[in-house]
Amino acid sequence: MLRFASREYVCLLHRGAAIEELSALGTLTYFILYVVATGLTLRARIPGYELAESLVGVSLASASLLGYWLLTATDPGFNDSTSIRLARMIRFALVLGLLFALARAGFAVYGVSYHRAIWGVAPNTMVAWAADSIWVGAAVAWLVQLVASMNYVAMLASRFPDQSIYTEARNFRWQGPLWFVPGVIFCFTGPIVAMVLYISMIDRVRMRLRWTLQEIDAAGVEIVH
């Protein structure tokens, strides 16, 4: 049970969940602006827009990495090989995601449109190939991180315990990609729904961690008395 863990450890998890929730909210806002910018062709009409957009993406990827780095901290009193393996997978996938975000920003730095390069509109074949490789690599890293993080959240939920979060996290392993990929067809509403569901789940994880801290504090007061 998580309420028997050290307060310092649970504080790390709570801080990580809070950072990840803020990162997810930022990502949702970023995606909505991305759709609007695509519809209004702002990238072509506003100089430096794509560079600013890619730098925001780097910032959000960095925040998510920090959030999950804290959320997947090792519990000194709970030596579990599965949680350690999942933590490593999540961190590795998020580091890759950050590197891909930096690579995408590199296109804008050198004045090349990453979005146009994906569709083959690039100065040469090598640039188009690089853009496609970044897109595929980022997609694979995202999928690995999604599945591993949902397994980790489910494992964390079992330590609260909270059956609803546990079930939701396990279901989101397949619901997330299903909302994202086919959902793009329906005016990009699918990814927005998926992100709202994800934010709601992470918010509940954060709340449960806060309640766990309150339980730990209450137990400490009882021991003192």
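The table below lists the values:
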quantity	calculated
Where a residue in segment 137-149 is of a type in the set (Asp, Glu) and its partner, wherever it lies, is at pLDDT below 90 and surrounded by fewer than 19 Cβ atoms within 10 Å (Cβ to Cβ), with Cβ under 8 Å and at least six apart	none
Within segment 1-58, tally of residues that are surrounded by fewer than 15 Cβ atoms within 10 Å (Cβ to Cβ) and modelled with pLDDT of 95 or more	0
Filter result for Ser149 (part of a helix (DSSP H, G or I), polar (S, T, N, Q), at pLDDT 75 or above and more than 18 Å from Arg88 (Cα to Cα))	no
Matching residues in segment 67-98 - criterion: being over 18 Å from Ser6 (Cβ atoms), crowded, with 16+ Cβ neighbours inside 10 Å and of a type in the set (A, V, I, L, M)	Leu86, Met89, Ile90, Ala93, Leu94, Leu96, Leu98
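The values are calculated or read from the model by the stated rules, or taken from the named source; none is laboratory data. Just so we're clear, the structure is a prediction, and the values are computed from it rather than from any experiment. Note: ideal-geometry Cβ built from the backbone for every residue, glycine included; neighbour counts use all protein chains shown.
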